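Q: The following block contains the structure, expressed as structure tokens.
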Amino acid sequence: MLVTGLVHGLLAAAGWGVVDIAGALAVRRIGSLRVQVITLTVGVASFAAFALLRPDLLGADPIPGVLAGLPLGMFAAAGYITYMTALRLGPISVVSPVTVSYGGLSVVLAVALRGESLTGLQAAGALLATLGVVLTAVVLEGGTLRGARIVGPGVAMALLTVVLFGLLGVLMAGPIRDDGWLPVLLGSRIGNLAAGVALLAVAAGTGSNRFRVVLEPGHPLTRRILALLVVAGIGDTAAFAVFAIGLEQAPVWIVTLASSLGPVLVVIFAILQLGERLRPGQWAGLAALAAGLGVLALTG
């Protein structure tokens, strides 16, 4: 069962890694809120098409599952917005590793809210992962803690994303096991899209400066950006599908933890293709984060 959860989580991580890279490129052209709405539109269309092809997976009565998924999607909308905004504010080679820690938080939440078991060694792994996040997010000015500062508003948005995504995986598990993964995900994608469209309408309609961070930069939508967002939407659909199937069959903590490794692809991409550089302390943080996640996975 743990192996099944690990495999599904890693497949979801691969899909979300593609989404992260495509989203990171697009968000710096058209803004995080527009990226979210277009990506989710592709995602809803993909799930609807799949439901038409496999109506048997909807079950005898899909309505309860769809209704259960709607509020989860609205909750997820906040996580998407904060994450895409964090990617825009960057640097993404720092923002993305911070978000990886939602897997460690999910382990704790699965124990606290769902009663899943956690050994002492697994708790140590979660603590090590948390330390890695702190080292990655903090720059030491003058080599002392007194001058420590958080690396920009992008990291602050990433930390908020950690909390939202950490809760989301735990909250999804119950409805998915009760009503099936496809109805719940279809409902959640619809709720997520509805929340994004509503916020975009409000943000664009009011012209208030408070929405500037999720609207800018507002460059025209090009074919290249649209292609990136189609790839992101399909990748997000595939990732959520295998993630949900994993939640249906395995402990929540192992699926969510494995799925959190997706942003590692963004780190590699940022370093190799965008020329971003990490400081020595941040490399140490990434090493600690990887070690902590490795301990949690191996002791599962």
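Q: Quick one: order TRP253, TRP283 by neighbouring beta-carbon count within 10 Å, fewest to most. Walk me through the numbers on the way to the answer.
A: Working: TRP253 30, TRP283 13.
Going from sparsest to densest Cβ surroundings: TRP283, TRP253.
Q: What ³J(HN,Hα) values, in whole Hz, does the Karplus curve 6.51 cos²θ - 1.76 cosθ + 1.60 give for the range 7-12 when θ = phi - 60°, with x put for Gly and Pro?
A: 5, 5, x, 5, 5, 5
Each value in this text was obtained by applying a stated rule to the coordinates, not by laboratory testing. The shown structure was predicted, so the numbers you read here are calculated from the model rather than taken from an experiment. Virtual Cβ from ideal backbone geometry, glycine too; neighbours counted across all protein chains shown.
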